[in-house]
Amino acid sequence: MTEAKTIVEDAPSYLEVVEAPRWTCSLGGAYITTTAVYDAVPILHSGAGCGIAQLLGVYYAAGENAAGGQGGTSTPCSCLIEKHVIFGGEDKLRKLIDSTLQMMEGDLYVVISGCVPALIGDDIEAVVKEFKGKGDIIFVNSAGFKGNTFDGYEDFFGAVIDQLLEPRKQEKKVVNILGVVPFQHLFWKGDLNTVKELLAKLGIKANILFTQFDGVKKLKEIPEAELNIVLSTWNGHKTAKKLKETFDQDYISFPSVPIGPKQTSEFLRAVAKKLEIPAIEVEALIAEEERRAYRWVEYLTDAIIIGMPRPYAAFIGDTNTIIGITKFLANEAGYLPEIIQITDEPPEESRDLIIRELTDGIESVLKPEIIFEKDTFRIRENLRNRSFQVMLATSLEKWPAAKEFAVSHLSIAFPTYDRVIVEKTYAGYRGGTGLLEDLLSKYVGPL
Ligand code: SF4
């Protein structure tokens, strides 16, 4: 014990980096998305470690969440080993699906295959076909080496569109919400429900797909929407395009989940315009909500002004989270973003838009340096010799923030192991106030 303590204390500071993945593989993405749909049962066709790795690497990293009724150690898995690599795993999968249908209640069974079956050439589709007629069952080919969490999210919806959905009559003022990747987006539960409640105030029925008790029914209702709303610069776009091709559904995108009054009003105006909701109705709602939001934020103004007025800030996290939070703090609370590090490797074609959102979209003379970086060591190196006072980041940056940079730190992005997050949200008119409460609480009082 004494020796270990000495080693840590004597270690050069550059060694004190704790690394953890900032996303998982595409099997993980399809798996966590399945578990976010209540009554959908994932069936993993993979090595035994593939599923349990998501428990530690995704669920716990998403604000210390448990994996739910069908996740974690409850998930059926073919647990492939060496002999299946040689002789094939199809028979094992067949037996696993059969026993799962008997033992686990669900409205949709989702066979998710990983690296091993892809490498040995198992015909997952043929095995799954044998069970058609015994309940809704689909398969997602999501070999982990093919991509990451975000790809797995799109793969899941690709399978749902191709194998589950059927054309339905589109309904006026019904929309689907896409682009919020469950668990990977820390505040997905609270954010999605806030968006749903906001749109309901304009008479819009939002199908948020996740966290609904009739989740599989909601999946089947996807074609009923007249519009898909994608809350991301790049997540969910592939799905929205596929829905456009398959069901002729129009879509619009917003750069993130809207946080605070300005973004939320802008979001409501954009959706209302698209759905041809009279401006007078929208403006009446906005006026009422903004009045309340700005009245309540008055209680925070002394803490903002006296606690640390216009602090320089560093932001580290995934695109969607960082865009919403940075714009709110810069445009509505006077924070000065000095450096932004985007950790989710967005595709090249979306980077200009992301940079524009974080420069032109910020009402400040100071424009942040924007770096696309996922490596924790290099992220820390990029923070050196800067003057920021506040850091909004993942929990991987918590200890460097305290020990090396001596700044306040709040975990707002994946992975976050130092907060428990269930219904917490920073979305909407009240969400901005909630973010300021959490952030100011980190430094406002000395005692
Ligand atoms: S990368 Fe492949 S082996 Fe690793 S967890 Fe994902 S599916 Fe399993």
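The values are calculated or read from the model by the stated rules, or taken from the named source; none is laboratory data. Treat the numbers as computed from the prediction; the structure is a model and nothing was measured. Note that we place each Cβ from the backbone using ideal geometry, even for glycine, and neighbour counts take in every protein chain shown.
General remarks:
- Top-ranked residue in region 134-155 [being part of a helix (DSSP H, G or I) and of a type in the set (G, A, S); ranked as farthest from the ligand (Cβ to nearest atom)]: G152
- Residue check for S395: under 18 Å from T321 (Cβ atoms), in contact with a Phe, Trp or Tyr (Cβ under 7 Å, 6 or more places away or on another chain) and not aliphatic (A, V, I, L, M): yes
- If you go through region 109-133 and pick out every residue that is of a type in the set (G, A, S) and away from the ligand (no atom under 15 Å from the Cβ), you end up with 3.
- Restricting attention to region 109-145 and to residues that are of a type in the set (G, A, S) and more than 23 Å from the chain's Cα centre (by Cα), the residue that is farthest from S78 (Cα to Cα) turns out to be G133.
- Answer from K201, K173, K196, K189 - the residue that is more than 16 Å from the ligand (Cβ to nearest atom), among the charged types (D, E, K, R) and surrounded by fewer than 16 Cβ atoms within 10 Å (Cβ to Cβ): K201
- In region 4-32, the residues that are aromatic (F, W, Y) form Cβ pairs under 6 Å with partners that are modelled with pLDDT of 70 or more and within 16 Å of the ligand (Cβ to nearest atom), at six or more places apart or across chains, as follows: W23/N148; W23/T149; Y31/P42; Y31/Q54; Y31/I112.
- Residues considered: K403, K374, K424. Of these, the only one that is of a type in the set (K, R), under 16 Å from D344 (Cα atoms) and touching a residue at least 60 places away in the same chain (Cβ under 8 Å) is K374.
- Criterion: more than 19 Å from P182 (Cα to Cα), within 32 Å of the chain's Cα centre (by Cα) and either surrounded by fewer than 17 Cβ atoms within 10 Å (Cβ to Cβ) or modelled with pLDDT of 90 or more (or both) - qualifying residue of G63, G106, G68, G57: G106
- Residue check for V420: assigned by TED's automatic domain parsing to the domain that holds N331, of a type in the set (V, I, T) and under 25 Å from the mean Cα position of the chain (by Cα): yes
The rows are residues; the columns are (1) surrounded by 22 or more Cβ atoms within 10 Å (Cβ to Cβ); (2) modelled with pLDDT under 95; (3) of a type in the set (A, V, I, L, M, F, W, C); (4) under 21 Å from D191 (Cα atoms).
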site: N382; (1), (2), (3), (4): no, no, no, no
site: M391; (1), (2), (3), (4): yes, no, yes, no
site: T416; (1), (2), (3), (4): yes, no, no, yes
site: R419; (1), (2), (3), (4): no, no, no, yes
site: V422; (1), (2), (3), (4): no, no, yes, yes
site: R430; (1), (2), (3), (4): no, no, no, yes
site: L435; (1), (2), (3), (4): yes, no, yes, yes
site: D438; (1), (2), (3), (4): no, no, no, yes
site: L447; (1), (2), (3), (4): no, yes, yes, no
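- Reported count of residues in region 25-66, each being more than 10 Å from the ligand (Cβ to nearest atom), in a helix (DSSP H, G or I) and over 18 Å from P415 (Cβ atoms), is 1.
- Residue selected from region 240-252 under the condition part of a helix (DSSP H, G or I) and without any contact (Cβ under 8 Å) to a residue 24 or more places away in the chain, by the criterion nearest to I322 (Cα to Cα): K241
- So V160, is it closer than 30 Å to L227 by Cα, crowded, with 23+ Cβ neighbours inside 10 Å and away from the ligand (no atom under 15 Å from the Cβ): yes
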